[in-house]
Structure formats: C-alpha cells, structure tokens
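Beneath this line is the structure, given in structure tokens, with notes to follow.
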Amino acid sequence: MNVFVLNCGSSSVKFQIINTDLDMFETDSDRRVAKGLIERVGKDDAIVNLEAEGQEPVKSVEPIHDHREAILRIKKWMEDPGTKIEGIHSWDDIHAIGHRVVHGGEKFTKSVKIDKEVLAQIEECADLAPLHNPANLKGIYACYEIFGDKIPQVAVFDTAFHSTMPEEAYLYAIPMEYYEKYRIRRYGFHGTSHRYVAYRYRKLVGKPREEVNVITLHLGNGCSACAIKNGQSINTTMGMTPLEGLIMGTRSGDIDAAIVEYMFNKGIGSVADIFNILNKKSGMLGISGLSNDMRDIEKAAAEGQHRAQLALKMFALRVKKYIGAYMAEMNGTDAIIFTAGIGENSVLIRKMICEGLENLGIELDEKLNKQAVRGKCMKISKETSKVAVYVIPTNEELLLARDTVRVVKDAPRMW
Ligand code: ADP
C-alpha cells in the first residue's frame, strides 16, 4: 500500500509517502518514496519543498493560503509527468492517508479510522490542545474536501500510547472535581516515538513485548521521558499539555505553578502572555539567551559562555532526575534509550546525562558513545553496565504509516 502520512501544524504541512504493507513489517522492507514540507502556509510567500526519493528536490516560494491549497499543491506535483515517484503516477495510487493528531484525550487509546463520529470527538479534544489539534483537523478536513470518502483516513494520536498510565500517575493532586468535570489530568505526548523506539529495542534484543522494561528519552525540539514497564507506558514527563517535564528548546518544563500568578502580579503580561513566555521563550533559549538549538548552545559552551554551559547542566540534571524517578517507580530498568534530534546526535548531552549514574548501574562507554551515528541503532554502554544504554533512531512517520495499514486492514497492533 502507498500511505500518505500527513503532519499538519498551524502554518505547515509535512508529509511522507511510504510504501508498506503487513508482510513488509517483519522484514523492514517499507520504503519512503517521497517527502516534503510546506512552511508559511497562509502567506503569499509560502516555502515549498518537495522531494521524490532519488530525485533533486523541488523548491519554490509561492502563495499558499490554507492547508487545502497546500495539499492540492502536493497533488499537482505528484501528478506532474516530470515528478518520478516510484509506483505513483496520480492520487489513485495512494491507498490511505495517516494523520498525526496530537491530542486524543481519554477517548482514543489507539489509532482509528476517521469517520464523522471520530471527527466530532477529535474536535472535542481540541479544547485540550488548542495549539495543535485545530491544525491537525485542518489537514483532515482538507483531505475530505479534496478526496471525499474515496481514500480511507486514519488518525494516530500522540497521547494514545500513554493511555495505560495508572491513575496515580496521571492525576494531579488538585480537587478531584476538576478531573471529573474538565478532564484535567496528565495525558503525555510523543507516544508514537516512545512506542516506536521501544518496539525497535524489543526487536533488537528479541524480547516479547510484555518483557520490555525501559526508559525512553525523546530529546528533540520537544523533550519527554517515558517509563515503559512490561511493555506499557506507566508514566511520562509531559502532562495535560506538552509544557510539563523536561527542559526543552523553548519550553520551561516543570515549574512551580505559583510563578504564573507572581509573574502576572509583576505586570509581565496577561496569563496568555505568560504562557507564551513559558512555551516559546523559556527552556534552553531562555537560559542561554542565545538559541533553542542544542548545536548553538554546545558551541557557545565550548567557547566558554557561562549561560550556555549552565543551560546544558540544567538540561542534563532534569533528565537525570526523571531517570532516577522512573527507576524507582519501575524497580530498576533494563535499558535507557536515547532518541530524536538531540538524543541521536549529541555525544555531549548523552555523556552529561549518564555521568555519575554508575551507582544506579548505568555505565556509558565513552568510545561507543562517540561512535554512534545518526540513523543507526547502537548500544553505547559498557559490557559491565547493569543497565544497557542505546541510541535508537525514531521514525514516527513509519509508525504512522504502519498503523494506517493495520487500521485499514483491521490487523492487530504490533504494540
Ligand atoms: P522535533 O522534536 O521537532 O522532531 P528533532 O527531533 O529533529 O526535532 O530535534 C531537533 C533538535 O535536535 C534541535 O534542538 C537540534 O539542535 C538538535 N540537534 C540536531 N542535530 C544535533 C547535533 N548534531 N548535536 C546536538 N543537537 C542536535
């Protein structure tokens, strides 16, 4: 099957076309045949970047006013005789569409086929994720408008994997009525990534799912850790929104909630302004005063800039704190898995996080740590390390494509 995997942000449309099917999962013979990104959707100077595998990318700047126009632009490119995507000549060669949906609330515990009822329920969840779900929905509506019911559409939720968290982990210690009335609780995000790397680990070590006990660290622009016990997410660092937990590129992660009132009383801005600061101006950017990009911060730290060095130390300390917390919660762990942009690339951050955890049985092999290269699974702990440490590249799009196939064909989930 050719699956069109779509990830719509408020002003961006990201896609991949992946050729995959049930019998290809075991052999990993799925193939990405095209990918692309349209940014600045809604503007007259949207940036279009489209690439068929093995071909020169098509780049242009042109007016694209909404998500529907963006998808039509991709369609036009796909159907252009000059574009050579293996196995695809027109939209008729697309067999299903898989949408990334950030928030599935309590309703969605796995990926589902989209119909009117599902759409209404995703709309309901938009209240919980006003920054993300409306954009995801725009993509779904645009596909409906263009393709009608002809192509099955599937929603894959970032929250679904964490639906196994027990209530003592997902509830906040605030009056219960607010959970009961408004569903205020922790949901967790990045579920597709945590699930994918845990699956890769399981394949690597040849264990059944029920025996997977690991801590996964998704360290990218957004960062979260997940405690996976007996193959299920039992806790994760992000909460009701992606603001909670680890320090991220521009998000503060955990802070004392009373700070918000204090900032408000100091006249820093409205509540919305303050949350904008916590979401967009804090984290590594706020501490370093330089950048949200870990590469820039590492460079500045190496040049001796104190705030960059401090940002790195704070980032690593927060991750360590959760490794300790989750090891206590799980009574130990078999492995720690690093993934996403920072986790897969930063030798320094992996070292800083693992340093001084020898008494917890975590011993990083410095040489192997340096050898890890992006795109490859690799064990980077010493032979003597009680807890194994791995770098496992994430591939959320692939999992989206595979889930889409499974849902369309009514096949069991791999996780
Ligand atoms: P997203 O979470 O948006 O999917 P990524 O997983 O691609 O993003 O992660 C982006 C982050 O990865 C950025 O902060 C970037 O600085 C970081 N990153 C990418 N390459 C490196 C590298 N070589 N060293 C350190 N950090 C890196």
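The values are calculated or read from the model by the stated rules, or taken from the named source; none is laboratory data. The model shown is predicted, which means the values in this text are computed figures rather than measured ones. Please note: Cβ atoms are built from the backbone with ideal geometry, for glycine as well, and neighbour counts cover all protein chains shown.
Among residues belonging to segment 274-311 that are in contact with a helix residue (DSSP H, G or I) (Cβ under 7 Å, 6 or more places away or on another chain) and charged (D, E, K, R), point out the one that is surrounded by the most Cβ atoms within 10 Å (Cβ to Cβ).
At the first step, the residues of segment 274-311 found to be in contact with a helix residue (DSSP H, G or I) (Cβ under 7 Å, 6 or more places away or on another chain) are 274, 284, 287-292, 294, 297-298, 300-301, 307-311.
Add one more test, that the residue is charged (D, E, K, R), and what stays is 298, 307.
Details: Glu298: 20, Arg307: 15.
Within segment 274-311, the match that is surrounded by the most Cβ atoms within 10 Å (Cβ to Cβ) is Glu298.
Select from segment 360-375 the residues that are among the small types (Gly, Ala, Ser) and in contact with a strand residue (DSSP E or B) (Cβ under 9 Å, 6 or more places away or on another chain) and list them in ascending order. Walk me through it before giving the result.
Let us first name the residues in segment 360-375 that are among the small types (Gly, Ala, Ser), namely 361, 372, 375.
Selection gives Gly361, Ala372.
Residues being more than 14 Å from the ligand (Cβ to nearest atom) and either within 15 Å of Leu217 (Cβ to Cβ) or in contact with a strand residue (DSSP E or B) (Cβ under 7 Å, 6 or more places away or on another chain) (or both): count how many of those fall in segment 338-359. Before the answer, list the steps.
First pass over segment 338-359, keeping only residues more than 14 Å from the ligand (Cβ to nearest atom): 354-359.
Remaining after also requiring either within 15 Å of Leu217 (Cβ to Cβ) or in contact with a strand residue (DSSP E or B) (Cβ under 7 Å, 6 or more places away or on another chain) (or both): 354-355, 357.
Total satisfying the criteria: 3.
Please tell me if Asp296 is more than 12 Å from the ligand (Cβ to nearest atom) and modelled with pLDDT of 95 or more.
On the way: more than 12 Å from the ligand (Cβ to nearest atom): no; modelled with pLDDT of 95 or more: yes.
In short, no.
Return yes or no: is Ser111 surrounded by 17 or more Cβ atoms within 10 Å (Cβ to Cβ), under 20 Å from Arg406 (Cα atoms) and of a type in the set (Gly, Ala, Ser)? Quick ask: steps written out before the conclusion?
Details: surrounded by 17 or more Cβ atoms within 10 Å (Cβ to Cβ): yes; under 20 Å from Arg406 (Cα atoms): yes; of a type in the set (Gly, Ala, Ser): yes.
Answer is yes for this residue.
So which of Ile336, Ile349, Ile362, Ile353 is of a type in the set (Val, Ile, Thr), crowded, with 22+ Cβ neighbours inside 10 Å and closer than 24 Å to Ala302 by Cα? Even if it seems obvious, please write down each step before you answer.
Details: Ile336 fails: closer than 24 Å to Ala302 by Cα; Ile349 fails: crowded, with 22+ Cβ neighbours inside 10 Å; Ile362 fails: closer than 24 Å to Ala302 by Cα.
Answer to the check: Ile353.
Would you say Ser381 is modelled with pLDDT of 95 or more, among the polar types (S, T, N, Q) and within 12 Å of the ligand (Cβ to nearest atom)?
On the way: modelled with pLDDT of 95 or more: yes; among the polar types (S, T, N, Q): yes; within 12 Å of the ligand (Cβ to nearest atom): no.
It is false that Ser381 is modelled with pLDDT of 95 or more, among the polar types (S, T, N, Q) and within 12 Å of the ligand (Cβ to nearest atom).
Could you count how many residues in segment 206-252 are touching a Cys at 6+ places or on another chain (Cβ under 9 Å) and either away from the ligand (no atom under 16 Å from the Cβ) or in a strand (DSSP E or B) (or both)?
The number of residues fulfilling the criteria is 9.
Yes or no, residue by residue, for (1) crowded, with 18+ Cβ neighbours inside 10 Å; (2) touching a residue at least 24 places away in the same chain (Cβ under 8 Å); (3) closer than 30 Å to Lys409 by Cα; (4) out of contact with any Gly (no Cβ under 6 Å at 6 or more places or on another chain):
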{"residue": "Leu6", "(1), (2), (3), (4)": "yes, yes, yes, no"}
{"residue": "Phe15", "(1), (2), (3), (4)": "yes, yes, yes, no"}
{"residue": "Ala52", "(1), (2), (3), (4)": "yes, yes, yes, yes"}
{"residue": "Pro57", "(1), (2), (3), (4)": "no, no, no, yes"}
{"residue": "Ser60", "(1), (2), (3), (4)": "no, no, no, yes"}
{"residue": "Asp66", "(1), (2), (3), (4)": "no, yes, no, yes"}
{"residue": "Arg73", "(1), (2), (3), (4)": "yes, yes, yes, yes"}
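Which count do you get for residues in segment 2-28 that are at pLDDT 95 or above and part of a loop (DSSP other than H, G, I, E, B)?
The qualifying residues number 2.
Give Lys370, Lys376 a once-over and let me know the one that is in a helix (DSSP H, G or I) and either modelled with pLDDT under 95 or over 20 Å from the mean Cα position of the chain (by Cα) (or both). It would help to see each step written out before you state the result.
Numbers: Lys376 fails: in a helix (DSSP H, G or I).
That would be Lys370, the only listed residue that is in a helix (DSSP H, G or I) and either modelled with pLDDT under 95 or over 20 Å from the mean Cα position of the chain (by Cα) (or both).
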